[in-house]
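Report on one structure; see the data block that follows.
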Amino acid sequence: MFDVDGTLVDSERDGHRVAFNRAFQEAGLSDRWDVERYGELLQIAGGELRITAHLERQGMPEGERKELASKLHARKTAIFTEMAKQGEIKARPGAGELLCELQDDGVRLAVATTGSGAWVHPLLERLFGTGRFEVIVTADEAPVRKPDPSAHRLALAQLRLAASGAAAVEDSRNGLRAAKAAGLACVVVVNDYTRQEDFSDADLVLDGYGSPRACARVLSDPHALDPPGSLAPATIRRMLAGAAARHADVVQGDRPPAP
Ligand code: XBP
Ligand code: MG
């Protein structure tokens, strides 16, 4: 179950951030989010809430900022959708390869994102082909943003799977918290914006998907999964088997001793 922003695609710094700034400019506003400021704002999941928080910090009254944020976000969505359709947003290196390997291995693929459906669908279609994913949950279907687990839970329900039968791939603390709250094992593939976040409860943390030419660096491997320089289907399967065994141990431990 893949997240989109920052996980499957490199979309924040040169994608969403640029689209927000264009929307500000078109509306005649002098606000611009530089790379560093945008990194701070990423703690707020969801573009409209991100704009609202920014306007609130500037002291704009509630009624006014809600209306403006909604207008700006609608325009930002249109701009970003066009960027996605034009091929300006790139896949993270190795993401497409991993999807192919998983599919070849018989793994069912899904997306759980808190981005807007308007741009998620054309972006996935252009980069990976939407037919590849059995289920795609966006903010349109699960409007309460991560770290809320509703996107992951809805994807599980649509897949008709228990949490023990699926794994999440995320790039951020918010995404990891959402996946964990839904009961999923979770691999985090960090990027420059999320590298410093707290991933202590992740099942595996890598600095990329890795390839035979550029190995992924393992940042945390609490269950000794020992990935072979890349995130391989076998590693994900081992992670799920380990999570199931630990769960069985806990359930066993909860039972009163046999008479
Ligand atoms: C991604 C987000 C999104 C995008 C902007 O979080 O927070 O809001 O930054 O997209 P995650 P919208 O990767 O955890 O899903 O403007 O469409 O909200
Ligand atoms: Mg993300």
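Can you list the residues, at least 5 places off or on another chain, whose amide H is less than 5 Å from the amide H of Val111, using H built in the peptide plane?
When sequence neighbours closer than 5 places are left aside, the close amide H contacts are Phe2, Val135, Ile136, Val137.
Order Arg75, Arg92, Arg237 by their accessible area, 1.4 angstrom probe, all chains in place, largest first.
Order by accessible area, largest first: Arg237, Arg75, Arg92.
When N is the residue count of the chain, what does its C-alpha Rg come to as a fraction of 2.2 N^0.38 Å?
Relative to the rule-of-thumb radius for its length, the chain sits at 1.06.
For the chain, set up a GNM with springs between Cα atoms under 10 Å and report which of Val137, Val187, Val18 has the largest fluctuation.
Residue with maximal mean-square fluctuation among Val137, Val187, Val18: Val18.
Rank by packing, highest mean first: peptides 41-48, 127-134, with packing defined as the count of other Cβ atoms within 10 Å averaged across residues.
41-48, 127-134
For the pairs Lys76/Lys146; Lys76/Lys180; Lys71/Lys180, flag any whose C-alpha to C-alpha distance is greater than 22 Å.
Result: Lys76/Lys180; Lys71/Lys180 exceed 22 Å.
If you look at just the Cα atoms of region 1-129, how large are its Rg and its Dmax in Å?
16.0, 54
Ignoring ligands, DNA and RNA, what accessible area per residue does region 161-258 give at 1.4 Å, in Å²?
Working: 4960 Å² over 98 residues.
Value for region 161-258: 51 Å² per residue.
Can you give me the convex hull volume of the Cα atoms of region 41-93, divided per residue and expressed in Å³? Kindly include the intermediate steps, with their values, before the conclusion.
Numbers: hull volume 4.3 nm³, N = 53.
Hull volume over Cα atoms, normalised by residue count, gives 81 Å³.
Taking the chain as the reference, fit the longest principal axis to its C-alpha atoms, fit the long axis of helix 17-26 to the helix C-alpha atoms, and give the angle between the two in degrees, 0 to 90, nearest 10.
The helix 17-26 is inclined about 20 degrees to the chain.
Straight-line reach from Lys85: which aspartates and glutamates have a Cα under 12 Å away, not including same-chain ones fewer than 8 places off?
Counting by Cα, and skipping residues close in sequence, Lys85 has these aspartates and glutamates nearby: Glu125.
What percent does the relative contact order of region 109-259 come to when contacts are Cα pairs within less than 8 Å and at least six residues apart?
Result for region 109-259 is 14 percent.
In the chain, carbon and sulfur make up what percent of the accessible area (probe 1.4 Å)?
Answer for the chain: carbon and sulfur cover 50 percent of the accessible area.
The values are calculated or read from the model by the stated rules, or taken from the named source; none is laboratory data. Because the structure is a prediction, the values reported are computed rather than measured. Cβ coordinates were reconstructed from backbone atoms using ideal geometry, including for glycine residues, and neighbour counts include every protein chain displayed. Calculation scope for accessible area: heavy atoms of the full protein, side chains included, ligands and nucleic acids excluded. Shrake-Rupley method; radii C 1.70, N 1.55, O 1.52, S 1.80 Å.
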